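The values are calculated or read from the model by the stated rules, or taken from the named source; none is laboratory data. Keep in mind it's a predicted model, so treat the numbers as computed, not measured. Virtual Cβ from ideal backbone geometry, glycine too; neighbours counted across all protein chains shown. Side chains are part of the model used for accessible areas, which takes the heavy atoms of the whole protein and leaves out ligands, DNA and RNA. Shrake-Rupley method; radii C 1.70, N 1.55, O 1.52, S 1.80 Å.
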Amino acid sequence: MRSIIIYHSWTGNTKQIASAIHSGIKEIFDKCDITPMKDVDINKLKDYDLIGLGSFVQTFQEPVPVTDFVNAMPDLTGRYGFTFCTHGTCAGSYIERMVKGLRGKGITVTGWNDWYGAGFIPLMPKPYYTDGHPDKIDLKEAIEFGKEIAQRSQKIASGEIKLIPELPVKEEYEKLYGAVMDLGSRDDMADLVKLKPVHNPDKCLYPKCTKCMDNCPTKSIDLSESPKINYNTCGPCMVWLCEQLCPTGAMEVNWDIADNMMNTMTSIFKRLAEPMEEYKELRRFRSLITGEEGSGTPLYKKQRRPKLIIRDGVIRES
Ligand SMILES: Cc1cc2nc3c(=O)[nH]c(=O)nc-3n(C[C@H](O)[C@H](O)[C@H](O)COP(=O)(O)O)c2cc1C
């Protein structure tokens, strides 16, 4: 089967899992392409028999660019596919939405899988429950998954259609992946919208530096324009990448507001983590952190600049 793995990854967790799945598939098919989603020529997808699409989970589902990618896919009837993701404590509707999205394009979905990944949201209490993942055990599991999915897809393609998996029913699904929490309806989250970046021209290195505008997830910054930030589309992106990547502190966020929100954030993350203990076996969770969750320093409090850097397309702590 001609196969390809497509991944969307910010901090490299999903990229690592994608390459491990890739190694597994290559053990069965000899050859398998692998590429970041942004480099995919959507019109060439028809050349493949097996398409694997994976991403990180963002706000309990796939990130918007992934939804857009699936929507833009041509009809791929007759092809086989699978999805995978990395996530924190609650993958929510990711698997269901992606399986349905791929099926909507005519793809026969032959499987899916998920892994834990370290988190880097600036307001995330640190250490965060899933920090340290993916580790060697996760990567080994992903290689095995690659082998299995290649073999299963081959069998399904040769007529063993009883091997086509069904999504778990709602109750079972939520035990496995967690129920989506409606954060927008919480009064105690109202201050989040006040955490908007403000541009300080005295500190800005533009046009020598364009990191904030190049990496804004919502494309809300244009330093050549006035106003420089489009507040209709800006935030809260929950990552404040402009502030985190700025080498001089020219993108200013009033983190005093965040200080007042940390109790709320900690309690939300705690609530999301509760079913992790209850369904530990089912969710294959292994804690890799030492010390108590939330006892460390959240990323937004770090003083050094830049707080984050991007190397080889991957966002890392500086
Ligand atoms: C803005 C943002 C929102 C996130 N939302 C969720 C979420 O709803 N549920 C979850 O389990 N993890 C969530 N995460 C955690 C990521 O899915 C996790 O860290 C993932 O492994 C990152 O993958 P990457 O390294 O490939 O970018 C979120 C991360 C970010 C940055």
At q = 0.07, 0.08, 0.09 Å⁻¹, base-10 log of I(q)/I(0) for the chain (Debye sum, equal scatterers on each alpha carbon): -0.30, -0.39, -0.50
For the range 147-226: lysine pairs under 27 Å (alpha-carbon distance), excluding those fewer than 8 apart on one chain: 15
Cysteines in the chain that, by Cβ-Cβ distance, have no pairing candidate under 4.7 Å: C32, C85, C90, C204, C209, C216, C234, C237, C246
Ellipticity estimate at 222 nm from DSSP helix runs (n ≥ 4, -39,500 (n - 2.57)) divided over the chain, nearest 500: -10000 deg cm²/dmol
Segment E27-D187, extension gain: residue separation times 0.36 nm, minus the distance between their alpha carbons: 52.4 nm
Accessible carbon and sulfur surface of the chain relative to its total accessible area, %, 1.4 Å: 50 percent
The range 183-317: proportion of alpha-carbon pairs further apart than 23 angstrom, %: 45 percent
Candidates per trypsin sites (Lys or Arg not before Pro) in the range 220-318, loop by DSSP, up to 13 other Cβ within 10 Å: R286, R304
Full-stretch length increase - E317, N200 - with 0.36 nm per residue and alpha-carbon distance subtracted: 39.8 nm
Pair T290, L167: separation of 7 Å Cα→Cβ label points (nm): 4.2 nm
Qualifying GluC sites (Glu not before Pro) for the range 190-277 [loop in DSSP, other Cβ within 10 Å: at most 10]: E225
Where the chain is the region considered: accessible area per residue in Å², 1.4 Å probe: 49 Å²
Over the chain, relative contact order from alpha-carbon pairs under 8 Å, at least 6 apart, %: 20 percent
Most fluctuating residue given options V66, V169, V253, as computed from a GNM of the chain linking Cα atoms under 10 Å: V169
Value of D in µm² per second that Stokes-Einstein yields for the range 22-113, Kirkwood Rh from Cα pairs, at 25 °C (0.890 mPa s): 180 µm²/s
Inverse of mean 1/r across different Cα pairs in the range 3-177, Kirkwood, Å: 16.2 Å
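What's the FRET efficiency of K136 with K38 using the Cβ-Cβ distance as r and R₀ = 41 Å, to the nearest 0.05?
Rounded to the nearest 0.05, the efficiency is 0.90.
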Nearest 10 degrees, 0 to 90: helix 136-157 Cα axis against the chain principal axis: 40 degrees
The range 105-209: translational diffusion in µm²/s, Stokes-Einstein, Kirkwood Rh over Cα pairs, 4 °C, 1.567 mPa s: 68 µm²/s
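Which FRET efficiency value, to the nearest 0.05, is calculated for S224 and I310 with the Förster distance at 25 angstrom and r the Cβ-Cβ distance? Could the numbers behind the result be given before it?
Working: r = 21 Å, r/R0 = 0.85.
Working from the Cβ atoms, E equals 0.75.
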Where Rh is the Kirkwood radius over Cα pairs, Rg/Rh for the range 84-160: 1.07
Antiparallel content of DSSP bridges confined to the chain, in %, to 5: 25 percent
